[in-house]
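S.K.: Mind looking over this structure? Questions follow.
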Amino acid sequence: MILDSKIPAGSLAEKWTKHKFNMKLVNPANKRKYEVIVVGTGLAGASAAASLAELGYNVKAFCFQDSPRRAHSIAAQGGINAAKNYQNDGDSVYRLFYDTIKGGDYRSREANVHRLAEVSVNIIDQCVAQGVPFAREYGGLLANRSFGGAQVSRTFYARGQTGQQLLLGAYSALSRQVANGKVKLYPRTEMMDVVTIDGKARGIVTRNLITGAIESHSAHAVLLCTGGYGNVFFLSTNAMGSNVTAAWRAHKKGAYFANPCYTQIHPTCIPVSGDHQSKLTLMSESLRNDGRVWVPKTKELAEKLRKKEIMPKDIKDEDRDYYLERRYPSFGNLVPRDVASRNAKYVCDEGRGVNETGEAVFLDFRDAIIRDGEDTISAKYGNLFDMYQQITGENPYQTPMKIYPAVHYTMGGLWVDYHLMTTVPGLYALGEANFSDHGANRLGASALMQGLADGYFVIPYTIGDYLAGMPYEKVGTDHEAFKQSEKEIKDKIQKLLSINGKKTVDDFHKRLGKIMWEYCGMARTAEGLQKAIGMIQELRKEFWSDVKVLGTGDELNLSLEKAHRVADFLELGELMVRDALHRNESCGGHFREEYQTEEGEALRDDENFAYVGAWKHMGDNVEEELNKEPLVFENVKLTQRSYK
Amino acid sequence: MNLTLKVWRQKNSSDKGGFVNYSIADISEDMSFLEMLDVLNEELSEKGEDPVHFDHDCREGICGMCSLHINGKPHGPQQTTTCQLHMRSFKDGDTITIEPWRAAAFPVVKDLVVDRGSFDRIIQAGGYVSVNTGGVPDANEIPIPKKIADEAFDAATCIGCGACVAACKNASAMLFTSAKISQLAMLPQGKVERKERAEKMIAQMDEEGFGACTNTGACSIECPKGISLTNIARMNREYFSAIVSSENV
Amino acid sequence: MSWVTKTFSSTLGRKLLMALTGLFLILFLIGHVSGNMLLFKDDGGQAFNEYAKFMTTNPAVKILSYLTYISIIGHVIVSIILSSKNKKARPVNYADSKAATNSTWNSRNMGVLGTIVFIFIVVHLQNFWAQMHWGAIPMVTYESGEFKDLYAVVNLAFSNIGLVALYVVSMILLGFHLYHGFASAFQTLGLNHKKYTPAIKFIGSAFSIIVPAMFASMPIFIYLSTLK
Ligand SMILES: Cc1cc2nc3c(=O)[nH]c(=O)nc-3n(C[C@H](O)[C@H](O)[C@H](O)COP(=O)(O)OP(=O)(O)OC[C@H]3O[C@@H](n4cnc5c(N)ncnc54)[C@H](O)[C@@H]3O)c2cc1C
Ligand code: HEM
Ligand code: SF4
Ligand code: FES
């Protein structure tokens, strides 16, 4: 299949404006004849559901948490970018576009990214109108900060809780439409399948997590806003419930999965403290503005630290290796996420890690405290320091923080065209669930922007273009296709419950996570990836013969819920590895050790790999088919990133 | 450390439920409270027993999903969320009592899981500014004094966990409701609908079966986000001024 | 429902009634305690008896006293309605509750304290108020005319150590009720501001100690003086 990205013609800056005019519209009186399903109530889902309901469509919104307000977007800390140029420091739509394309290591579409930069300004207006309490200056106007190494201050923030405030804004808009009767909410409901009829998405099948009821919902279009799949690694900064199930089931129904191997590893997370660890906690990136990253110069000293024979403060300055400052004199501790992460891995691989597991480096505020005083540092980072102390029991004012990289974000996702439509007509993917705008690496404060751009300002236009061509009649949920899908799901549940093996679901999840982290994590090799494929296949086999899922299908059953999710991760994992294996280059979050510059930086191969790799499902346990969407760069020049 | 857990088990909303004791060994003090329960659940699963169901998602103290009443206090001995509570706060040999939130408006779904849909319905009754997407003024056209923005922010940090209800002797939802009413009443964007909002949200709160406020202050002390009682006072003002001056006769 | 009934069937409307009636009762207490201080005057009860007569006959005082009756009855009825709603809001109690770590004992037991205060009020009215209105009270004559000798009734009553004890204990409980109730009423009215709330709290604490102490000192004083 030729992947048609439907990028409109015309100059970059005019594409979206012109296209909005060219798209078909649905007459206001007819909008209420259409039903739209929105799966997910994070930034992307809540904003889409609210905006579509405001336009007059009938919306059904689904999430697996007990309330739409708890979607994982709530956890985002740092901020949201927008090309407002309120600071008069030279920002512009074009600069945000350029930074995002470059930050993504030239693996995203120019047209999409430019549109994102254009609508970024509307997002801030919208959120402020909803009552989102962004940080302000004394004069009463909005404050900005620079974030993630950007050279302009374009990040809007609400203390360390930007995601929460933005989501609560979108949730309030959604709640208003629930009250209006335009949105019907289905919390604690998990999407299990997309139903297609005549090649078009016409509904979904869900499981009510409390009663276990399998139910069908019919609609004219289905939007998947189900977030990222970082939890394939078991340990990540994602919420415990984040999963790939919705996207994966759609994939199996014909939606291509793009760039699955692009994962972002965030450098400043609290290290793993033991086998019991269930998730990892992000410490805001902003800490690197004042903290200095180091490990001891020698293995011997590191060993003594690990055995607690010496304390960090016992190590003299000349015995410390501030390796980021040493290797990247101009960017120092502020190098991009992927570079900082990889270097932490290198020094720990050399045996210089500083905690019991040997997988941690120091982030030290000693010098900043001497320079600015404890009060200043506490004013800036007090809440983060407290959180760190709460979790680790150590006081970062007195002893350096320990940090280590952790899986944080997945740039890959369902392939979508310029309209955010997947390869299945009528099926859309928004937010982190799609692959669209971040290329091989996402810049800080851009995911929130993208989720809201998709939901508030893109889908309300593009969905009309599709629905205008749809009949008003809904398909009945007694249609053969719904019945078929319901049966398959019930069979699958029966199967999971009947295996009655010896190992728990978590056990499989942890083992999968270890394989993914080891072979498909921060640095990858062809050899390791080959090995991983076999291991994952084995593990999958074992899962289906030896997993133990307790309870019944018709009650609240956490192990059954997890079993579904882990079963899908076990399939996705293999695809990620295959994608990583086929991409014989390093770019952004995908680092293949074979492809690096002499200085150890990612070495792209623009000639052979400047494309989106979109995989087509060919059947269970059959190798997937790769499809390529070439990336054409008409406005930017491809350059090698350098932070020396 | 070794602990005894006294856990509320209840099959579903119609089951009567009761406490079951479990003993659990080799718990490290670096574990979070929920990781300790994960360990218990792995053990139960291995033995073929139904794991203890509890709500949780972000495990970062922000989604508001975790909701355990631990040793007589919502979210346990510290002023934080259950997921941010660490085993350091306990000592070897302790018996820990774990119960669900208790309130008529939060019916138990299973074990320690409760249904907090009543909070959503309170917000649906008016916890928003009625603006459609698009067609809004430029963000900087609405200047807001920093102090006010900060105070509105403090109110807006509520995570909707329900610990306030769980702590209150009357199972009152005043702190939760007042946080939203306050946030929007302070900001110019929310002022347009403030009377209507106060009346409707409070009517909904009553309808859900939450109790009244005796101003004991327990809610604010147990609130993991430290939402202040001044919000309740502000809500009361909003309501009293609404009833004598709103258009709804 | 009209807006009035709607308001007073809402929890907040009812709390408003609690606060207003409570505050009115506080005002009443001020009046009551200041008048009763005349008991300490060493004039054989003349000032007190004159005051008592004034209180039962003056039309303005009449209106105030009716307001007081309404306040007490209203305060009690609304407190019963609220307490029953509060009870229903938590049908299943916690097996383990450490409420003492998040709130004061008196704030959690306003109903209990109030009920005992109510019983006290009934006894108290029976002792003096009913006597004054309908009882057979000896008369005394001063230059200004003939008066019911309530002073004698009071003296007689407080020669009973049991009654004195009841009064003293009740006043302590009233003190507890007010120790929370005074500031609470302002919070209910929406008056909470960092500028004046500390002052309200201070005055409330002082009030709830001083006024009941003044009331309690009367039976003690009289009892002691009857011993002589
Ligand atoms: C710790 C952390 C900090 C971050 N900080 C920032 C930041 O500062 N700036 C920034 O720009 N980005 C940040 N990000 C990234 C950003 O938060 C996310 O990418 C973004 O919020 C994703 O939004 P979403 O709407 O796509 O999905 P989510 O918010 O993840 O929502 C997913 C929704 O889908 C539902 N769902 C999922 N599966 C199913 C199913 N099978 N059935 C039914 N419902 C389902 C869920 O219930 C949920 O409602 C951060 C991420 C993390 C983990
Ligand atoms: C002189 C007598 C009394 C005075 C001065 C008084 C004063 C007050 C005040 C000021 C409050 C606080 C109101 C608020 O929180 O807004 C209050 C609360 C209360 N009072 Fe009284 N009171 C008196 C007698 C009683 C009696 C007789 C009862 C009987 C049952 C009672 C029961 C209560 C209860 C239950 C509350 C708490 C209501 C709530 O907040 O839920 N009080 N009182
Ligand atoms: S007010 Fe506090 S305790 Fe109540 S729901 Fe909000 S965060 Fe939780
Ligand atoms: S799990 Fe999200 S707040 Fe505790």
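Coordinate-derived values only; no laboratory data. These figures come from a predicted structure and were not determined experimentally. Cβ: placed from backbone, ideal geometry, glycine included. Neighbour counts: every protein chain shown.
S.K.: Assuming R0 = 60 Å, what is the FRET efficiency of A:L25 and A:L626, from their Cβ-Cβ distance, to the nearest 0.05?
M.R.: The computed FRET efficiency comes out at 0.95.
S.K.: Hey, another quick one. What FRET efficiency, computed as 1/(1 + (r/R0)^6) with R0 = 45 Å and r the Cβ-Cβ distance, is obtained for C:K6 and C:A130, rounded to the nearest 0.05?
M.R.: 0.70
S.K.: On a 0 to 90° scale, report how tilted helix B:230-245 is relative to the longest principal axis of chain B, with both axes built from alpha carbons and the result rounded to the nearest 10.
M.R.: It works out to around 40 degrees.
S.K.: Just flag the trypsin sites (Lys or Arg not before Pro) in the stretch A:26-116 sitting in loop per DSSP whose Cβ has no more than 14 other Cβ atoms within 10 Å. Walk me through the intermediate numbers first.
M.R.: On the way: sites: A:K31, A:R32, A:K33, A:K60, A:R69, A:R70, A:K84, A:R95, A:K102, A:R107, A:R109, A:R115; in loops: A:R32, A:K33, A:K84, A:R107, A:R109.
Those satisfying the criteria are A:R32.
S.K.: Specify the inter-centroid distance of the stretch C:14-81 and the stretch A:284-320, based on alpha-carbon positions, in whole Å.
M.R.: Spelled out, the Cα-based centre of one part sits 74 Å from the other.
S.K.: Just tell me which aspartates and glutamates come within less than 17 Å, Cα to Cα, of A:K474; anything on the same chain fewer than 8 places away is out.
M.R.: Here the aspartates and glutamates satisfying the reach criterion relative to A:K474 are A:E35, A:D198, A:E215.
S.K.: Calculate how many DSSP beta bridges within chain B are antiparallel, expressed in % of all such bridges and rounded to the nearest 5.
M.R.: 75 percent
S.K.: For the stretch A:513-644, compute Rg over Rh where Rg is the Cα radius of gyration and Rh is the Kirkwood radius from the inverse mean 1/r over Cα pairs.
M.R.: Taking Rg over the Kirkwood Rh, I get 1.08.
S.K.: Which value in deg cm²/dmol, rounded to the nearest 500, describes the helix-derived mean residue ellipticity at 222 nm for the protein assembly as shown, given -39,500 (n - 2.57) per DSSP H run of n ≥ 4 and division by the residue count?
M.R.: Computed mean residue ellipticity for the protein assembly as shown: -14000 deg cm²/dmol.
S.K.: Separate question: What residue among A:A447, A:G469, A:S436 has its Cα farthest toward the positive end of the dipole of the stretch A:416-483, where the charges are +1 on Lys, Arg and -1 on Asp, Glu, each on the Cβ?
M.R.: Comparing the listed Cα positions along the dipole, A:A447 ranks first.
S.K.: I'd like the distance between the alpha-carbon centres of the stretch A:553-577 and the stretch B:7-41, rounded to an integer number of Å.
M.R.: Measuring centre to centre over Cα atoms gives 23 Å.
S.K.: Assuming R0 = 51 Å, can you tell me the calculated FRET efficiency for the pair A:E473 and A:K541, based on Cβ-Cβ distance, to the nearest 0.05?
M.R.: On the way: r = 44 Å, r/R0 = 0.87.
With a Förster radius of 51 Å, E is 0.70.
S.K.: Once the dipole of the stretch C:90-164 is set up with Lys and Arg at +1 and Asp and Glu at -1 on Cβ about the Cα centre, which of C:I137, C:N102, C:H124 lies farthest towards its positive end?
M.R.: Working it through, the farthest residue towards the positive pole turns out to be C:N102.
S.K.: Excluding same-chain residues fewer than 8 positions from B:K47, which aspartates and glutamates have a Cα within less than 16 Å of its Cα?
M.R.: Leaving aside aspartates and glutamates fewer than 8 places away in the same chain, those within reach of B:K47 are A:D506, A:D507, A:D546, B:D38.
S.K.: Another question, then. Provide the three semi-axes, in whole Å and in decreasing order, of the ellipsoid equivalent to the stretch B:3-110 as defined by the square roots of 5 times the Cα gyration tensor eigenvalues.
M.R.: Equivalent ellipsoid semi-axes, largest first: 20, 18, 13 Å.
S.K.: Using Cα positions and a limit of under 22 Å, work out the lysines in reach of A:K308, with same-chain residues fewer than 8 apart set aside.
M.R.: Here the lysines satisfying the reach criterion relative to A:K308 are A:K297, A:K299, A:K316, A:K345, A:K402.
S.K.: May I ask for the angle, rounded to the nearest 10°, between helix C:59-89 and the longest principal axis of chain C, with both axes built from Cα atoms and the value confined to 0 to 90°?
M.R.: It works out to around 30 degrees.
S.K.: Sequence gap at least 6, Cα distance under 8 Å: using those rules, report the relative contact order of chain A to the nearest whole percent.
M.R.: Answer for chain A is 20 percent.
S.K.: Moving on to the next point. So for the protein assembly as shown: antiparallel DSSP bridges make up what percent, rounded to the nearest 5?
M.R.: Numbers: 63 of 89 bridges.
About 70 percent, rounded to the nearest 5.
S.K.: Relative contact order of chain C: what whole-number percent is it, with Cα pairs under 8 angstrom and at least 6 residues apart? Walk me through the intermediate numbers first.
M.R.: Details: 177 pairs, mean separation 59.5, N = 228.
It comes to 26 percent, rounded to a whole number.
S.K.: Using the eigenvalues of the Cα gyration tensor, what equivalent ellipsoid semi-axes result for the protein assembly as shown when each is taken as the square root of five times the eigenvalue, whole Å, largest first?
M.R.: The answer is 61, 32, 29 Å, longest axis first.
S.K.: Dipole of chain C, Cα-centred, from +1 at each Lys and Arg C-beta and -1 at each Asp and Glu C-beta, to the nearest 20 debye?
M.R.: Dipole size: approximately 1340 debye.
S.K.: Scan the stretch B:43-152 for trypsin sites (Lys or Arg not before Pro) in coil per DSSP, keeping those whose Cβ has at most 10 other Cβ atoms within 10 Å, and list them by number.
M.R.: On the way: sites: B:K47, B:R59, B:R88, B:K91, B:R102, B:K110, B:R116, B:R121, B:K146, B:K147; in loops: B:K47, B:R59, B:K91, B:R102, B:R116.
In loop regions of the stretch B:43-152 (DSSP not H, G, I, E or B), the sparsely surrounded trypsin sites (Lys or Arg not before Pro) are B:K47, B:K91.
S.K.: Note down the relative contact order for chain B as a percent, whole number, built from C-alpha pairs under 8 angstrom at least six residues apart.
M.R.: Over chain B, the number comes to 19 percent.
S.K.: Please name which of A:P396, A:I310, A:G274 has its Cα lying farthest along the dipole of the stretch A:266-407 towards the positive end, using unit charges on Cβ (Lys, Arg +1; Asp, Glu -1) and the Cα centre as origin.
M.R.: A:G274
S.K.: Counting only other residues whose beta carbon sits under 14 Å from that of B:Q189, what net charge do I get with K and R as +1, D and E as -1?
M.R.: +2
S.K.: Between the stretch A:202-248 and the stretch B:100-149, what's the alpha-carbon centroid distance in Å?
M.R.: 23 Å
S.K.: If I fit a long axis through the Cα atoms of helix A:162-179 and take the longest principal axis of the Cα atoms of chain A, what angle between them do I get, 0 to 90°, rounded to 10?
M.R.: Long axis of A:162-179 versus the principal axis of chain A: about 20 degrees.
S.K.: Share of antiparallel DSSP beta bridges in chain A, in percent to the nearest 5?
M.R.: Details: 44 of 65 bridges.
So the antiparallel bridges in chain A amount to around 70 percent.
S.K.: In nm, to one decimal, how far is the modelled label at C:F28 from the one at B:N2, with both set 7 Å along Cα→Cβ?
M.R.: 6.2 nm
S.K.: Hey, another quick one. Among all lysine pairs in the stretch B:71-222 that are eight or more places apart or on different chains, how many have alpha carbons less than 25 angstrom apart?
M.R.: 17
S.K.: Just how large is the dipole of the protein assembly as shown about the Cα centre, in debye to the nearest 20, putting +1 at every Lys and Arg Cβ and -1 at every Asp and Glu Cβ? Display every interim value, and only then the final one.
M.R.: Values: 123 positive and 122 negative charges, 532 e Å.
Computed about the Cα centre, the dipole is about 2560 debye.
S.K.: Could I ask something else about it? Treat each spin label as a single point 7 Å out from the Cα along the C-beta direction, and report the C:V122 to C:L64 distance in nm.
M.R.: Simple spin-label model gives 2.8 nm for this pair.
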